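Inspection log for the structure reproduced underneath, given as structure tokens.
The values are calculated or read from the model by the stated rules, or taken from the named source; none is laboratory data. Computed from a predicted model, the values in this text were never measured in an experiment. Neighbour counts are summed over all protein chains in view; Cβ atoms, including those assigned to glycine, are modelled from backbone coordinates with ideal geometry.
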Amino acid sequence: MKYKILILIILTLSIGIESYACNCGIPKSLELEQDYNYENSECIFVGEVLEVNKTENTFTIKVIESFNGNDNLNVYKGTYDEQCGPIIDTKGKWLIYANLNSDNILVVGSCGISRNFKNPEYNVTIEGLLIKEFKGTAEDQGKKFNDKGKKDLKVEIERLRVKKEE
């Protein structure tokens, strides 16, 4: 009987450890989420993802335009949380909100609004906002999501440029 209880406790603990899930939630508005990420990110920039390692959840990125520092053209190694995203899994141009750890590695914020320029809607937070806004078929939503995501990204970049000048 003692062994059964011990096995049950071990199984319960191991399941609890392995079943970590995040709860990003849907913010009230994109603007509020942008302000929050702006205030809580050490590094905000547009960069070109040069390499991606999906096995280790890492990437290499070159800064093209910095919005809160003077690190244009710097190249960083970065990491992301595949459970809570955003997931930096494609090469190309990205808007990044991140912090640097003690090893000078970029850590993309979980549940943040970092996203790529090609498909900016592929972000849990952004997608949640878009779902609130659009109704219709999945096919219809896909195009609307992408179009709206690109428009929102463009406006966000303009806002970041203004903030940098302030």
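Numerical summary
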| item | result |
| --- | --- |
| The listed residue being assigned to a helix (DSSP H, G or I) and either in contact with an Asp or Glu (Cβ under 9 Å, 6 or more places away or on another chain) or on the phi > 0 side of the Ramachandran plot (or both), out of E127, E158, E121 | E127 |
| One residue from L73, L95, L100 being modelled with pLDDT of 95 or more and among the aliphatic types (A, V, I, L, M) | L95 |
| Single match in N101, N123 (criterion: free of Cβ contacts under 8 Å to residues at least 60 places away in the same chain, touching a strand residue (DSSP E or B) at 6+ places or on another chain (Cβ under 7 Å) and closer than 17 Å to D71 by Cα) | N101 |
| In region 42-80, the residues that are under 26 Å from E158 (Cβ atoms) and of a type in the set (V, I, T) | I44, V46, V49, I61, V63, I64, V75 |
| Test for S14: is it hydroxyl-bearing (S, T, Y), surrounded by 10 or more Cβ atoms within 10 Å (Cβ to Cβ) and modelled with pLDDT of 50 or more | no |
| Residue match in region 134-153 (condition: modelled with pLDDT of 90 or more and over 18 Å from E48 (Cβ atoms)) | yes |
| Those residues of region 66-98 which are assigned to a strand (DSSP E or B), touching a Leu at 6+ places or on another chain (Cβ under 9 Å) and either basic (K, R) or loosely packed, with under 14 Cβ neighbours inside 10 Å (or both), in sequence order | V75, K77 |
| Region 17-59, subset modelled with pLDDT under 75 and of a type in the set (G, A, S), residue farthest from A98 (Cα to Cα) | S19 |
| Residue that is closer than 16 Å to P27 by Cα and surrounded by fewer than 14 Cβ atoms within 10 Å (Cβ to Cβ), where the choices are I126, I131 | I131 |
| Count of region 88-111 residues which are touching a helix residue (DSSP H, G or I) at 6+ places or on another chain (Cβ under 9 Å) and of a type in the set (A, V, I, L, M, F, W, C) | 2 |
